[in-house]
Amino acid sequence: MNADRWKHVEPLLQTALDLPPGEREEFLKRRCGGDEQLEHEVRSLVAAHDRAGSFLGNPPIDWAPLPLAGDGSGDQLPASGDSLIGRTLSHYYIVEQLGVGGMGVLYKAKDTRLGRPVALKFVSDELSREPEALDRFAREARIASALNHPNICTLHDIGEHDGRSFIVMEYLEGTTLKDRLAAGPLSLNAALDMGTQVATALDAAHTAGIIHRDIKPENIFVGPRDHVKVLDFGLAKMRTTAKHQADVTTMAGTGQNVVMGTAAYMAPEQARGEVVDHRADIWSVGLVLYEMVKGTRPPQAVRLRVEASPELERIVSKCLESEPELRYQHASEMRADLQRAKRDTDSMATASAAPRPAARTLRRALSLAAAGVALAASGIGGYLYLHRPPKLTDKDTIVLADFANTTGDTVFDDTLRQGLAVQFEQSPFLSAVSDERVRKALQLMGLPATARLTADVAHDICIRTGSTAVVNGSIASLGNQYVLGLRAEHCGTGDLLDLEQLQAARKEDVLKVLSQLATTFRTRVGESLATVQKHSRPLEEGTTSSLDALKAYSAAMTSVIDPKTAIPLLKRALDIDPNFATAHALLGLQYSGLGESRLGEESTSKAYQLRDHATDRERFLIMTIYDRQVTGNLEKEAETLRLWAQTYPRDANAPGLMGGFATAGTGQYDLMIAMGREAMAINPDLLPPYLNVVNGYISLGRPQDAEQAFQQAIGHVSATADVVTLLYQIAFLKGDAAGMEHQAALAKGKPGVEDRILHLQALVLARAGRLGAARQSARHAIDLASAAGRRERAAVAETAVSVWEALYGNAAAATRSAMQVFEVENGRHVTYAAALALALGGERSRSQAITDDLDRRFPEDTSVRFVYVPTLRALSALSANEPSRAIELLRPAATYEFAQPGISFYGAGGGSFGAMYATYLRGEAYLALHKATEATAEFQKILDHPGVVLGDPIGALARLQLARALTMSGDARKAKAAYQDLLALWKDADPDLALPKQAKAELAALR
Amino acid sequence: MRREHPTHSLQATALVHEAFMRLADYTRMQWQDRAHFFAVSAQVMRRILVDHARRHNVRRGRGVQHVSLDEVAVVAPGGEAGKDLVALDEALVALARIDPRKAQIVEMRFFAGLTVEEIGSVLQVSAGTVKRDWRAAKAWLYRELSRE
């Protein structure tokens, strides 16, 4: 097929797919107008579409590592169908055959890696030849793996042997309800109890959007102490809104007229082949409930009687309403009714027994709650006392599961896990798996990033991320009180590490109790008492004592990427608890992210004042942000970061932050790279260190190394902002014009990227003396940034224009442009750049006033102290014909000679210009003093640091001055070479530009 | 009910991470930038995965295969996953000749795992367009791969 043909075919295909299947044929006949070939073409595509099912459904990046050849034991396996007993498939040793079900054969096996028993389910031979059955099999696996619930059979893995797929499931001891019922009906109590468990399982599944569609006694497994697990979500399918129903059905590969499920337990609408929803499951449970107490299925069309319990009779009848609207609408409602019925039965039983003393009842209730909280398989308690629990080491990482909140009070959702995380983060010993890692693991598990970290999901994440333990928290209500529990389990061995439980008398005490739990937990799992005591500020003192504030804060943190959502939430948290230091700090960051520097500084200062109300780690963060954003004191910031790294050696953020502006702003690029690498080693999922390492190599003028470092970043694919900018700079350093073009083309039309590239292009054009084109590019950048509300970024681009106009001698244009910048309020970095343009253009008095102001307002700021003020003052001295004084004034700048000051690296998006101006001025001063050698050395420095200077036009000017200094020194040969180098750079310069003409004349004079 | 937002997503650490992004001033983590980055990576990933599959096909012997859930699902018109990937790659080249955008969408969605919305943002088209392109591309490729 060629492209033209496709243009005819595709619209027909699309329209056909929009039509109900029944109408497609007629449509094609009508629209193809007898063109049989066309008709055939479209029809075959429609057919392919319908058959495609889950084809391309999952990116190969999610696949497990492709296998190596078998290890010998599995190589010569008997042909499918033969017994597999005694064989090892992958790392599963087959112990015995358990049975043959509708979908295939079931074996008991042992997971030789984890040492636990598992069940392996194979697709039967006949089915394995049907792609549809395989599909269904895979779907079962996928769906079951998305469900993690104590009452749903857990799926561990999936494998393939000799072309036959198998599922690895939790191995269950017990029997199916079907077998159990074969021995006679259940007691009312047992029926209510098991019914409740089935309803609980369905509630979880339905909440996850999954319908079972084949609930029957065969699929309900009864284990020890009547613990129920629902099996075989094989026919289940994702519930969707009615609108998408048709689509999904096709995609799921379930033919529209194929009825799935077991006829006897099917809801009427399901039997009719209609679209079903979760209420079909409720019907089926009704039948199962009836069968539980009666031992047989109910006769058709007869009023159901459950003599043992009128309440159960009512429940069953409600389930079996033929109209779904009249049934229970949610499994949770049914569960509540079943629980009520059970309670009534229990209380009747209790009433007939001898009355118990109240205290004893309470104690019993407590221990019941404890059992519920632990949720674990029974026998754990005994284990705990018999064995000394193993400990963690400071090499281990842990996974925090979501709290199981059975109180019904949503304020505890998220909040408690957040609180626990804050508590654990105080510990230099514990290290929780990063959220990036959790997200990646979820993705690999086929779960959305927002999936709840239930105990089982957290367990899988623990295994997948190579972590050691999983910590499950829980909260349950007990009358007016709350019972909080923590349970840590070694996820590889299943060993219990710790089980803690405490009661909170009031809701207000929950956070306090949580802090206590966390502290005890830390000691129990092996942290030294010394560090626990040193770093264990209770939440109510450290973070906040308010549950509601913590709740708003948790919510804000989940939306930290979007300031518009985060800001109101943080403000809410602060309304509730105005002393919530970390919330202030976060708010400060959000504001500065929006370019609201002043609001940002205000909030950050507030956080700083309140820093004693923070945990140690939070305090380190607050102090870092404060020095970075408010004082600008990079030396102090680095000190905080060093202390942070010392106290929390397992926290990647300390070296990570150190590898950013703290090192770039002081010109320590080797350290920048080293710190970035250290952060990467601690947490490979943190992206900024990768970019900082790239940036470090760029600054060192090593584009090849930068490129290599960039490849590493790609390996850790994740979000990134200015990749294009970095690649552009690498291409620039390599002199790769095509590469620069390529990046610019990529940036085109990308908000937040295009304006930056245009700005960089403008600088490079100005450097080449093509001021006309440079202005155009800059204008475009400024317009884009302004339109997007990025005022400061627009100002940075504007100051770049004014600085190069001044350098090229267009004083009037420079002043005009700089004055525009002053019309609005700006941060210190932009203010400096504009003042620099004014000073270069000869506006001495105005620039002097600004210099004094900067000096007064930011006495601690590293860029201001060591770069801005010395540069501006020296310029002033130079224009007053005092070169010696200028050299004296520039002395402090030598401290951080090769730094990228704020305007270059940090200020509002990084201007990528403004570095090494002090060096340039020192060279000029030496020229004015006729000290040719010294002047040559200064200008040469600029040429020797292309990674720091980048596209800044100062690079061109430094070449001109170098040529002049060399001329002055009498080295005509070198001077000529310098002029030629410069003129090559300026070969396409605007014809009316004065400097290139001057340079040519100076070169001619040398000859 | 499911909650609206992820609980695991940001503890203080990740918060610092974000803070860090800002401080290092790699500007705000823009949704578009992210999508763009993925789009660039899609090609790289395709090449790596297809190359891997190619090498793997040569090496591959019989025996126990340990495959993920997803792999089972992708083996569509029959055959082994690795082979399919190579064949898919070839089919994609053919598709790119008649409809480059659709081929690109497959690349981004299948190889880089971009969401429909992200793809829409990269290509500056609506999510609806992406979905329609996707289903047509899927049908076309499926038919192409079923022909042996």
The FRET efficiency for A:V95 and A:E325, from their Cβ-Cβ distance with R0 = 51 Å and rounded to 0.05, is 0.60
For region A:625-689, averaging the sequence separation of alpha carbon pairs under 8 Å that lie six or more residues apart and dividing by its residue count, the contact order in percent is 27
The base-10 log of I(q)/I(0) that the Debye equation returns for region A:702-850 at q = 0.10, 0.11, 0.17 Å⁻¹, one scatterer per C-alpha, is -0.39, -0.47, -0.97
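Whole number please: convex hull volume per residue of the Cα set in region A:679-781, in Å³? Before the final figure, lay out the partial values.
On the way: hull volume 9.7 nm³, N = 103.
Cα convex hull per residue, to the nearest whole number: 95 Å³.
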From the cross-link list A:K571/A:K606; A:K7/A:K748; A:K974/A:K1000, the entries with a Cα-Cα span beyond 18 Å are A:K7/A:K748
FRET efficiency (A:D409, A:D346; Cβ distance; R0 22 Å; to 0.05) is 0.30
The alpha-carbon center of region A:266-281 and that of region A:786-806 are separated, in whole Å, by 64
Whole-Hz Karplus couplings 3J(HN,Hα) for region A:179-184, θ = phi - 60° and coefficients 6.51, -1.76, 1.60, Gly and Pro as x, run 5, 4, 6, 4, 8, x
Listing A:W986, A:W804 by rising number of other beta-carbon atoms within 10 angstrom, fewest first, gives A:W986, A:W804
Given Cβ charges of +1 for Lys and Arg and -1 for Asp and Glu, the option among A:L497, A:A518, A:A469 whose Cα lies farthest towards the positive end of the dipole of region A:458-568 is A:A518
Interchain or sequence-distant (5+) residues whose placed amide H lies within less than 5 Å of the amide H of A:R116 are A:D111
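Longer than 18 Å from Cα to Cα, which of A:K440/A:K551; A:K178/A:K294; A:K216/A:K294; A:K440/A:K750; A:K395/A:K534 are they? Say none if no pair is.
Values: A:K440/A:K551 25 Å; A:K178/A:K294 13 Å; A:K216/A:K294 15 Å; A:K440/A:K750 26 Å; A:K395/A:K534 20 Å.
In this structure, A:K440/A:K551; A:K440/A:K750; A:K395/A:K534 exceed 18 Å between Cα atoms.
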Here the averaged projected area of region A:773-883, based on the convex hull of its alpha-carbon atoms and given in nm², is 7.0
Most exposed first, judged by fewest Cβ atoms within 10 angstrom, A:Y832, A:Y265 run A:Y265, A:Y832
Dividing the mean separation of Cα pairs under 8 Å (6+ apart) by the residue count of region A:419-487 yields a relative contact order in percent of 18
Listed by chain and number, the lysines with an alpha carbon less than 19 angstrom from that of A:K997, same-chain partners under 8 positions apart left out, are A:K976, A:K987
Using alpha-carbon coordinates alone, the radius of gyration and Dmax of region B:105-148 in Å work out to 11.2, 36
The answer for A:C491, listing residues at least 5 apart or on another chain whose modeled amide H is closer than 5 Å to its amide H, is A:A469, A:V470
The set of residues whose placed amide H lies less than 5 Å from the amide H of A:Y171, leaving out same-chain residues fewer than 5 positions away, is A:A119
Residue by residue through region A:413-419, the couplings from Karplus 6.51 cos²θ - 1.76 cosθ + 1.60 with θ = phi - 60°, in Hz, x for Gly and Pro, are 4, 6, 4, 5, 5, 4, x
Using the Kirkwood formula on alpha carbons, the hydrodynamic radius of region A:738-819 in angstrom works out to 12.6
Expressed in angstrom, Rg and Dmax over the Cα atoms of region A:881-1007 are 15.0, 47
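Quick note: the coordinates plus some simple rules give every number you see, no bench work behind them. These figures come from a predicted structure and were not determined experimentally. Positions of Cβ are generated from backbone atoms using ideal geometry, with glycine treated the same way; all protein chains shown enter the neighbour counts.
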